[in-house]
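Undergrad: Please read through the structure below; I'll follow up with questions.
The values are calculated or read from the model by the stated rules, or taken from the named source; none is laboratory data. On a predicted model such as this, the values are computed, not experimentally measured, just so you know. Backbone-built Cβ (ideal geometry, glycine too); neighbour counts: all protein chains shown. The protein model used for the area step is the full one, side chains on, heavy atoms only, and it has no ligands, DNA or RNA in it. Shrake-Rupley method; radii C 1.70, N 1.55, O 1.52, S 1.80 Å.
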Amino acid sequence: MQTELTVITKSKDLCRYVLTVTEKSPKRFRFTLTGRMQNLALEIIERIYRANDVFMSGSDRGAAQRQRLDLQHGALTNVKLLGYMALLAREQGAILPRQYEQITKQVHDVQNLLGAWINSDRKRMQR
């Protein structure tokens with residue numbers, strides 16, 4: 001059985017938490033702030049899975065490398081946006097301060113893991 005990348009596991013945890021927290025948010029935020037947070041969390045996982053599925057060898061190695069890097073950077077941007085949306089949600093009262101703290105910790109973990117993955121891929125491709 002193949003194990004999942006840590007970044008995938010942490011992203012799933014982040015998504016699960018965001019979905020749980022935003023489900024309990026006031027209705028007035030449902031189709032704006034919390035909906036956007038949920039979509040970002042889901043998009044992060046989607047981009048990471050897509051990046052992980054890009055085959056990085058063979059004759060089309062350069063194109064595959066660019067595609068994977070684009071997906072990784074897209075996921076990283078979405079993680080940063082989710083962090084900002086969580087701050088905004090806390091300021092507007094859509095989530096509690098302790099929920100914001102938990103999201104921030106998880107966002108930080110995913111950002112670090114994505115950055116490490118990108119750097120690892122770059123080093124591997126330079127060989």
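Undergrad: In the chain, with Lys and Arg counted as +1 and Asp and Glu as -1 at Cβ, which of these residues, 25, 59, 45, has the Cα nearest the positive end of the dipole, that is, farthest along it?
TA: Result: 25.
Undergrad: Summarise the accessible area of the chain (1.4 Å probe, protein heavy atoms) by the percent that is carbon and sulfur.
TA: On the way: 3940 of 7830 Å².
The nonpolar share, carbon plus sulfur, comes to 50 percent.
Undergrad: Still on this model: Over the chain, what is the relative contact order in whole percent, taking alpha-carbon pairs under 8 Å and six or more residues apart? It would help to have the intermediate numbers written out before the result.
TA: Values: 114 pairs, mean separation 38.6, N = 127.
This gives 30 percent for the chain.
Undergrad: Could you work out how much longer the chain between residue 46 and residue 6 gets when fully extended? Use 0.36 nm per residue separation minus the Cα distance between them, nm to one decimal.
TA: 12.9 nm
Undergrad: Now a separate question. So with the 1.4 Å probe, I'd like the accessible area per residue for the chain, rounded to whole Å².
TA: Values: 7830 Å² over 127 residues.
With the other protein chains kept in place, the chain gives 62 Å² per residue.
Undergrad: Given a Förster distance of 30 angstrom, what is the FRET efficiency for residue 80 paired with residue 126, based on the Cβ-Cβ distance and rounded to 0.05? Numbers along the way, then the final one.
TA: On the way: r = 26 Å, r/R0 = 0.86.
It comes to 0.70.
Undergrad: Moving on. How far is the Cα center of the stretch 62-108 from the Cα center of the stretch 112-127, in Å?
TA: Rounded to whole Å, the Cα centres lie 19 Å apart.
Undergrad: Just how large is the dipole of the chain about the Cα centre, in debye to the nearest 20, putting +1 at every Lys and Arg Cβ and -1 at every Asp and Glu Cβ? If you can, show how the numbers build up before the last one.
TA: On the way: 21 positive and 12 negative charges, 30 e Å.
Value, rounded to 20: 140 debye.
Undergrad: Given springs between every Cα pair under 10 Å in a Gaussian network model of the chain, which of 24, 80, 12 has the largest fluctuation?
TA: 24
Undergrad: Who wins for biggest fluctuation among 59, 11, 25 in a Gaussian network model of the chain, springs between alpha carbons below 10 Å?
TA: 59
Undergrad: Taking semi-axes √(5λ) of the Cα gyration tensor in Å straight from the coordinates, which label in [x] 31, 13, 12; [y] 20, 17, 16; [z] 28, 20, 11 is the correct one?
TA: Label of the calculated value: [x].
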